[in-house]
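The values are calculated or read from the model by the stated rules, or taken from the named source; none is laboratory data. Keep in mind that this is a model prediction, so the values were computed, not measured. Virtual Cβ from ideal backbone geometry, glycine too; neighbours counted across all protein chains shown. These accessible areas exclude ligands, DNA and RNA; they are computed on the full protein's heavy atoms, side chains included. Shrake-Rupley method; radii C 1.70, N 1.55, O 1.52, S 1.80 Å.
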Amino acid sequence: MSALLEIENLDLYYGDAQALSEVSLSVDEGKIVAIVGANGAGKSSLIRAIAGIEKPRGGRVRFRGNEITGQESYTTCNQGIGQVAEGRQIFPTLSVVENLEMGGLLPRARAKAKQTMDEVFTMFPRLAERRDQLAGTMSGGEQQMLAIGRCLMGQPELIMFDEPSLGLAPTVVQEVFHIIRTLNAKGITILLVEQNVAVSLKISAQAYVLENGRIVMSGTGGSLLHDDRVRQAYMGL
Amino acid sequence: MPSIDLIANVVIAGLLTGLVYGLMALGLSVIFGVVRVVNFAHGEMMTIAMYCAVVLFGAFKLDPFLAVLPVAAVFFGFGYAMQAGLINPFITRPEHSQFMLLVAVAIIMVNVLLMIFGPSALNVQVDYQLESYEFGPILFDKARVLAAGMALATSAGLFAFFKYTNTGKAIRACADNNLGAKVVGLNVKHLYALTFGLGSACVAVAGCMMILLVDVVPTLGPGYTLLAFVIVIIGGLGSMPGALFGGILIGVSEAMAGLFFAPSAKSMFGFALLILVLLFRPQGLLGRKP
């Protein structure tokens, strides 16, 4: 078992405010790894720092053993790190097809874009029905499917999910988690950031607890699920 | 009271000139809509394009319609380089420092033109400037018709580029959701630079056409910047059809002002329109509600 993604002592600041402090973690290939924590703990910052959208001040990020710290996001994406961002971040005035096309423009994915789009439409028939609709006019759940489909267009080896259940109806949330497991079963490694602690611990092999920008606890998903401190702090039990 | 024929002639002349204004404003609108930077050197770039056409005509007898190609290509490259080298580092800075940067660029442009060409008016003279098409009592200046046709064709090309090409769609995606563009791995800085290049190329074409209609002096620049700005606000900031429509409105209103009042009153009408739009439809005539 080799680590696909390794993070070592990552520090991130917004101006003078420290968002991440010496964060270290590793994501094994083929696994689902969860990062749980409260609002403002730095979960989204961590994902953005890995993706190259924010530039960390210190520490390293390695993907398949190659250092990718601080490189531009288009380079990172093209190495196979995809992202389903918080708030979905679709393109509201572009059609569903155009949104998907944008995900398939990466050099690594461009040649197979047509074929991948067919696969995405098979996976999400709703998107196929609405291919010419403007993305901004779809429901939250449909937009989340679009965000996932758009990410898949880039042929990712690792997908970072940032709060994929946020603001969605309970049945849609179940569907999203089902999709995450399906993608994982197809061999895609998942880094999952969620406020929905119970569910994300249940489906993850490895998990980290982030508090105030620091990793305060880690273990297998099952062990954290039964840890009293986690249960008290995050599940209200 | 002027005759109906005269009014019709003036309106049509204004409409045709307005399409050239519209193309100029389209450049400003595209740059603002995507990069979110107001190009305060826009009118100055317009005058530089006009001088380029004058020089190419003087040196090689190159018709401004043929000058469009090399001038637009050079402006595209210049715009790309300006965005990539000069403006990108300012993109996250406050708006007033972007403003200072571009105003500085504008002042430098005006004064370099003054140093090279002096303050006197220059123009190009081609045969078809004296020709016209006649439809009953209405005369169409040939040069004006051709210039407007070129402006329309260039705009149509730009619309098609944004609608049908991958790069055009990617630029729209950046304008739509900047963070989303980074999330999917679009090279945002490169796309910004391309956009500035395209906006500059629009100005280049507009400038080459405008030299067929008016004489150029270096100090024309700030006036054109203001004009482009007024057109874009009237049409709707970020709306491409709005820029063309605003251009036509301003062109016609200027022409009517010249007819009913005095040619020197022509800006008055434009600003009156601007104030009305700001009062009653602040997002512009074809703009989307924020």
At least 50 Å² of accessible area lost relative to the chain alone, listed for region A:72-90 with a 1.4 Å probe: A:Tyr74, A:Gln89
Set A:Lys31/A:Lys202; A:Lys114/B:Lys163; A:Lys112/B:Lys189; B:Lys61/B:Lys266; A:Lys55/B:Lys182 screened for pairs whose C-alpha atoms are more than 21 Å apart: A:Lys112/B:Lys189; B:Lys61/B:Lys266
Student exercise, region B:4-280 dipole from Lys, Arg, Asp, Glu Cβ charges, in Debye to nearest 20: 920 debye
Accessible surface, the protein assembly as shown, averaged per residue in Å² (probe 1.4 Å): 43 Å²
Loop-located trypsin sites (Lys or Arg not before Pro) in region B:91-180, at most 16 other Cβ atoms within 10 Å (DSSP): none
Spin-label zone in region B:138-175 - amide nitrogen under 15 Å from a point set 7 Å from the Cα of B:Ala8 along the C-beta vector: B:138-141
Leading residue at positive end of dipole, the protein assembly as shown (Cβ point charges), from B:Gly236, A:Phe161, B:Ala25: A:Phe161
Nearest-0.05 FRET efficiency for A:Glu29 and A:Ala111, computed from C-beta distance (R0 25 Å): 0.55
Separation of alpha-carbon centers, region A:37-78 and region B:210-277, rounded to whole Å: 48 Å
Estimated inter-spin distance, B:Leu278 and A:Thr122, nm [label 7 Å along Cα→Cβ]: 5.8 nm
Förster radius 30 Å - calculated FRET efficiency between B:Phe271 and B:Leu69 (Cβ-Cβ, nearest 0.05): 0.30
Chain A - mean residue ellipticity at 222 nm from DSSP helices (-39,500 (n - 2.57) per run, n ≥ 4, rounded to 500): -10500 deg cm²/dmol
Sparsely packed GluC sites (Glu not before Pro) within region A:1-56, loop by DSSP, other Cβ within 10 Å at most 15: A:Glu29
Accessible surface of the protein assembly as shown [probe 1.4 Å, protein heavy atoms]: carbon and sulfur percent: 60 percent
Low-density loop cleavage sites - chymotrypsin sites (Phe, Trp or Tyr not before Pro) in region B:248-290, where at most 13 other Cβ are within 10 Å (DSSP): B:Phe261
Separation in nanometres of the label points that stand 7 Å from Cα toward Cβ, at A:Glu211 and B:Arg93: 4.3 nm
Gaussian network model of chain A, Cα within-10 Å springs - most flexible of A:Gly149, A:Gly40, A:Gly70: A:Gly40
Assigned charges on the beta-carbon of Lys, Arg, Asp, Glu; the protein assembly as shown dipole about Cα centre (debye): 520 debye
B/A buried area, accessible surface, summed, 1.4 Å probe, Å²: 1800 Å²
Inter-part distance where region A:191-211 and region A:138-175 are each reduced to a Cα centre, Å: 16 Å
Exposure ranking of A:Thr182, B:Thr47, A:Thr171 by accessible area [1.4 Å probe, largest first]: A:Thr171, A:Thr182, B:Thr47
